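Chemist: Take this structure, written in structure tokens, and hold onto it; I'll ask about it next.
The values are calculated or read from the model by the stated rules, or taken from the named source; none is laboratory data. These numbers come from a predicted model, not from an experiment. Please note: Cβ atoms are built from the backbone with ideal geometry, for glycine as well, and neighbour counts cover all protein chains shown. Only protein heavy atoms, including side chains, enter the accessible area calculation; ligands, DNA and RNA are left aside. Shrake-Rupley method; radii C 1.70, N 1.55, O 1.52, S 1.80 Å.
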Amino acid sequence: MAETMKAICPAPRLRVQGMKEYHPPLGCRDALRLDFNENTLACSPKVREVLGRISAGALTRYPEREPVEAVVAAHLGLLPAQVALTNGVDEAIHVLFETFLEDGDELLLPVPTYTMYEVYSSMTAARVVPVQAADDLKFPFERLLAAITPRTKIVAIANPNSPSGTIATRAQLIEIARRAPQAVVLVDEAYFHFHGETVVDLVGGLPNLIVARTFSKAYGLAGLRIGLLAGPAELMRWIKRVLSPYSVNSVALACLVPALEDAAYLDWYAGEVVAARSEFETALDAEEIRRWPSHANFILVEIGPRHADFVRLMSDAGVLVRDRSSDPGCDGRVRITIGTRQQMRQAAAALHDAVAALKIKGDAQ
Ligand SMILES: Cc1ncc(COP(=O)(O)O)c(C=O)c1O
């Protein structure tokens, strides 16, 4: 039976056949998960309250995105027509690429960067033009400008970037948008709350700027899958045509408003992470582990040839971290999410033992 089914199995599009499989690592229940850059603690208690009040009857109805889009737009100082809520920023990237990338177009990507840009571009007919950062992993501004061509259709910039934690400046982003007027410049501010600088105020002013924000990181709602795109209404109306009207579920929509309103919780969590980041940097320096200056809730560190053993030893000690060795220019590098100070003290202790066991102190300096 299985064989017969295989013989008549319809073939997917050639592009899909060429796509790499993406297998996110699975979490183990009791470990400290520092491998996904999530909020490592919880969402706001106000969100929990709303969750508890959702009735069975409410779940029978299709979700209504627009009223919540209006609330989010007001929160960002924008018009409802300038905002689209999405099933996480991943869906936002997917829909943006499907909306704008044609055969022969170029997607400009400073690399290393967030993996899903390349994954979603591979379903389109566009060509990825990677712009490699130097060893310091600083934003490759000049090289990026030089790589702009009349075929550049999207420039995707995670700011702060993952896995490096480094940033592009506001002036650089504005210059890129000006130098590539034929392209959408996507500024993905998934880690905005740990950095504090944004270009969302330029939405509508710059005709080709689109900003993405997620509720998966500082807000602690990764499991609900909710994000957004903010851009000029003239671009957003095309995106909204492609976007499924129901891809953001009603539970996520109900939780979004209290999440936005509880600024105190968000500030507290982001402040805790920033304090933990600085403490953890001190611990890394004591271990003589090379690190890149991070503006996000993670730090990229250089472990060297024994990176896989390091990740395994950390996992054995109950701390999950992410090997980024296969990212362009990242061989031997591991990304560690920053949680609370207490969690990072546990991580620092595990790291100390792993470094001692592998005798890698100072190796990668
Ligand atoms: C730069 C960047 N953008 C987007 C995402 C995904 O966001 P979401 O959970 O909203 O799909 C991530 C997740 O790691 C990310 O690092």
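Chemist: Just to be sure I understand: with springs between alpha-carbon atoms less than 10 Å apart, which residue in PRO110, PRO160, PRO150 has the highest mean-square fluctuation in the Gaussian network model of the chain?
Modeler: Comparing PRO110, PRO160, PRO150 in a Gaussian network model of the chain, the most mobile one is PRO150.
Chemist: Can you give the percent of C-alpha pairs in region 260-320 whose distance is more than 18 Å?
Modeler: For region 260-320, the fraction of Cα-Cα distances above 18 Å is 50 percent.
Chemist: Just want to confirm a number: the relative contact order over region 260-365, from Cα pairs under 8 angstrom separated by 6+ residues, in percent.
Modeler: 33 percent
Chemist: With the full set of protein chains in place, find how many percent of the accessible area of region 185-266 is carbon and sulfur; take the probe as 1.4 Å.
Modeler: Answer for region 185-266 is 58 percent, counting heavy atoms of protein chains only.
Chemist: Which links in LYS20/LYS361; LYS46/LYS217; LYS20/LYS153 stretch past 25 Å when you go from one Cα to the other?
Modeler: Distance filter (> 25 Å) returns LYS20/LYS361.
Chemist: A further question on this structure: Taking all protein chains as present, what is the carbon and sulfur share of the accessible area of region 1-118, in % to the nearest whole number, probe 1.4 Å?
Modeler: Carbon plus sulfur share of accessible area: 56 percent.
Chemist: Determine the sum of side-chain charges near ALA264: Lys and Arg each +1, Asp and Glu each -1, restricted to other residues whose C-beta is under 13 angstrom from that of ALA264.
Modeler: -3
Chemist: So, one more: State the percentage of accessible surface on region 308-360 attributable to carbon and sulfur atoms; use a 1.4 Å probe and exclude ligands, DNA and RNA.
Modeler: Using a 1.4 Å probe with all protein chains present, region 308-360 comes out at 48 percent carbon and sulfur.
Chemist: In whole Hz and in residue order, list the ³J(HN,Hα) couplings for region 96-112 that follow from phi through the Karplus curve 6.51 cos²θ - 1.76 cosθ + 1.60, θ = phi - 60°; x for Gly and Pro.
Modeler: 4, 5, 5, 6, 10, 8, 10, 3, x, 6, 10, 9, 8, 10, x, 10, x
Chemist: Return the sequence-ordered ³J(HN,Hα) values of region 336-346 in whole Hz as given by the Karplus equation 6.51 cos²θ - 1.76 cosθ + 1.60 applied to θ = phi - 60°, using x for Gly and Pro.
Modeler: 10, 5, 9, x, 7, 4, 4, 5, 6, 5, 4
Chemist: Multiply the residue separation of ARG143 and ILE8 by 0.36 nm, subtract the distance between their alpha-carbon atoms, and state the gained length in nm to one decimal.
Modeler: Value of the extension gain: 43.8 nm.
Chemist: Can you give me the relative contact order of region 106-191 as a percent, contacts being Cα pairs under 8 Å and 6 or more apart?
Modeler: Computed over region 106-191, the figure is 33 percent.
Chemist: At a threshold of 8 angstrom on Cα-Cα distance, excluding pairs fewer than six apart, so keeping six or more, what relative contact order does the chain reach in percent?
Modeler: It comes to 22 percent, rounded to a whole number.
Chemist: Which of the peptides 63-76, 40-53 is most tightly packed, and how do the rest follow, going by the mean number of other Cβ atoms within 10 Å of each residue?
Modeler: Packing order, densest peptide first, comes out as 63-76, 40-53.
Chemist: Follow-up. Setting aside same-chain residues fewer than 8 positions from LYS359, which aspartates and glutamates have a Cα under 20 Å from its Cα?
Modeler: Straight-distance partners of LYS359: GLU281, ASP285, GLU287, GLU288, GLU302, ASP309, ASP316, ASP323, ASP331.
Chemist: At 1.4 Å probe size, with every protein chain present, just tell me what the per residue accessible area of the chain comes to in Å².
Modeler: Per residue, the chain has 46 Å² of solvent-accessible surface.
Chemist: Can I ask one more? Using modelled amide H (1.01 Å from N, peptide plane; none on Pro or chain starts), what sits under 5 Å from the amide H of SER162, excluding residues fewer than 5 places away?
Modeler: Result for SER162 returns TYR114.
Chemist: If you don't mind, there's one more thing I want to ask. What number, rounded to the nearest 500 deg cm²/dmol, is the helix-based mean residue ellipticity at 222 nm of the chain, given -39500 (n - 2.57) per DSSP H run of at least four residues and division by all its residues?
Modeler: Here the helix-only value at 222 nm equals -12000 deg cm²/dmol.
Chemist: State the Cα centre-to-centre distance between region 162-214 and region 222-277 in whole Å.
Modeler: 17 Å
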